[in-house]
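Laboratory data are not the source of any read-out in this text; all were calculated from the coordinates shown. Worth saying up front: this structure is predicted, and the values here are computed from it rather than measured. All Cβ positions, glycine included, derive from the backbone under ideal geometry; neighbour counts span all protein chains shown.
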Number of protein chains: 2
Amino acid sequence: MKEVKYCYVNGELSLVATATIGINDLALLRGYGVFDFLAVRQGAPLFLDDYLARFERSAGVLGLQLPFSSGAIREMVWSLVRINGLDQAGIRLVLTGGYSEDGYAPAVPNLVILEHDLPPRNEQLWNQGIKMISYAHQRELPEAKSINYLTGIRLLDLLKKEGATEALFHDNGWVRESARANFFIVSEQGRLVTPEKKILHGITRQRILQSAGHFIEVEVREVALEEVFAAREAFITSTTKGNLPVVQVDDHLIGDGKPGPVSRAISTLLENQIAAHISQTVQAQV
Amino acid sequence: MKEVKYCYVNGELSLVATATIGINDLALLRGYGVFDFLAVRQGAPLFLDDYLARFERSAGVLGLQLPFSSGAIREMVWSLVRINGLDQAGIRLVLTGGYSEDGYAPAVPNLVILEHDLPPRNEQLWNQGIKMISYAHQRELPEAKSINYLTGIRLLDLLKKEGATEALFHDNGWVRESARANFFIVSEQGRLVTPEKKILHGITRQRILQSAGHFIEVEVREVALEEVFAAREAFITSTTKGNLPVVQVDDHLIGDGKPGPVSRAISTLLENQIAAHISQTVQAQV
């Protein structure tokens, strides 16, 4: 992993090694904050405006105001990408409840922008697909990308024991998402289906919903766990994972237990969108 | 408010004004951590061993290990109380997921011990009692005192608008607790009743359950919201609040809309326990 040298703390370029936040911040005391995470490819932050818009929406759900304009944050992200000099990376925007007077009510938010080196993706994982385990859990304030990952992180040991990569959260048998990704199936009827409600509206999910209709019928609605077990294909989607095939949920093989043709087609679709976006972004910067 | 000068960060006595935590800590990035909060009265930390035991249990639920022994933490708490010199205060213990390599998996936890000045209690609030509003919400990992207060903090604006002090969380009509306190009623049948499951096991709640049986019949079981509306009395309990009478929930007056005799008796019971504890603790320190 390359060492990432710089970050932004409240608009100041800072060294990651020494950057800190005061101990009265509401993220530390009360887990109160939101974040977002976007990818950098070929030195370009991907779909930055989409992520900035969601970041601001998440902040609004928690009643927090961005201490800088979207334009100023956009500039900081570009500046960080240039100065750290990583071709392929992740950018994390974190907005906290700030230094609370009484340790409970939000104050002026603190904004941290971090860059993370990302290793090249594990092709074997994409070629083989992953196993998920179902888990009864409804994420709190699901429409906001809050920093709360209590259940997701706590499940890491169980996932390891079960040989699974992610947990598939369901609310009384209605499928939602995993801790860090959205979820799709190709139904028995050959339609692309993804849960509608009480989920985070992923940027990758949105891109698929906007473009997959050209080659497959798409349904956004409640999805039952039983429908997943009987699905032809399944995959999860996220900024870092793109679409990652799911070949097993609990003891149920999905389809023939191998990544299917729709998953592959969606991968190509996403790669094409990213390539087009990079070429536009690089042209705009020249 | 008196200024609190010192805190402990990972075992080092530090100035609160300059104490910080690194930006890769899992509390900041993922809201992953636990805490506890105890009262200091007449310069003595109250029921410290009970709080330390719960702090360690909470850490265990999140798979975190205390980086110091309970004995060492106890010494730090006493040292902080002496050096800050506050007669009446609160002590906050915070244990975070630590500096995570990948921004997700827990590492060596960070331990922060803070002291907060507490104003004398608002007697008017205790004499008049408070209003609550019911709110459908089940706390995540309720048995751990995690730092996650997303819903509680987000409700502050609604509480203000409704003229209420706290929200009464219920899970499909089954009463649980408020964001920062346990909940009791005196039922129509004259029994002291408090919810049993999916709640934080409060230290004040526990003290009441251990001692109230001398003058009232006690039941620990599921409590329906309808039973609250018809109750003779209600109160919430916490470290800072002791037992605080509830005289209204939504549009329903509780009893005659004034604090009742059982609430007053429990207040006396708690005050006597605290007085006895302080005198024992001070003797043990002499």
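Here are some notes:
- With at most 16 neighbouring Cβ atoms within 10 Å, loop trypsin sites (Lys or Arg not before Pro) (DSSP) excluded, longest segment of chain A: A:6-120
- Sequence of B:H137, B:H214, A:H201 once ranked by neighbouring C-beta atoms within 10 Å, starting from the fewest: B:H214, A:H201, B:H137
- Charging the Cβ of each Asp and Glu at -1 and of each Lys and Arg at +1, and nothing else, the dipole of chain B about its Cα centre rounds to 380 debye.
- Cβ crowding within 10 Å, taken as a proxy for footprinting-reagent exposure, orders B:E143, B:E233 from fewest neighbours to most as B:E143, B:E233.
- In region B:12-90, GluC sites (Glu not before Pro) in a DSSP loop with at most 15 other beta-carbon atoms within 10 Å: none
- Alpha carbon centroid spacing (whole Å) that separates region B:90-130 from region A:188-247: 40
- Whole-angstrom gap from region A:255-286 to region B:16-53, using each part's C-alpha centre: 46
- Region B:123-273 - Kirkwood radius from inverse mean 1/r over Cα pairs (Å): 15.2
- Mean separation of Cα contacts under 8 Å (6+ apart) over length of region B:6-117, as relative contact order %: 38
- Computed on region A:200-276, the Cα convex hull volume stands at 105 Å³ per residue.
- Sorted from shortest to longest, the distances between the A:T18 label points of this copy and the other copies are 1.3 nm, with each point 7 Å from Cα along the line through the beta carbon.
- Look at the dipole of the protein assembly as shown built from charges on Cβ: of B:L29, A:L86, B:L62, the Cα furthest out on the positive end belongs to A:L86.
- Where Cα atoms sit under 15 Å apart: lysine pairs in chain B separated by 8 or more or lying on different chains: 6
- In units of the rule-of-thumb radius 2.2 N^0.38 Å, region A:1-139 shows an alpha carbon radius of gyration of 1.16.
- A label point on A:G190, set 7 Å along the Cα-to-Cβ line, lies at 7.4 nm from each of its counterparts in the other copies, closest listed first.
- Panel order for B:I133, B:I185, by other beta carbons found within 10 Å of each beta carbon, from fewest to most: B:I133, B:I185.
- Distances, shortest first, from the label point of B:D87 to those at the same position in the other copies read 6.9 nm; the point lies 7 Å along Cα to C-beta.
- Normalised contact order of chain B, rounded percent, pairs of Cα under 8 Å and 6 or more residues apart: 17
- Here the scattering of chain A is modelled by Debye summation over its C-alpha atoms, one equal scatterer each and no solvent; at q = 0.16 Å⁻¹ the log10 of I(q)/I(0) is -1.34.
- Per-residue ellipticity at 222 nm from helix content only, as computed over chain B with -39500 (n - 2.57) for each DSSP H run of at least four residues, stands at -9500 deg cm²/dmol.
- Global geometry of region A:155-199, whether rounded, prolate or oblate, following the gyration tensor of its Cα atoms and the 1.5 cut on a/c: prolate
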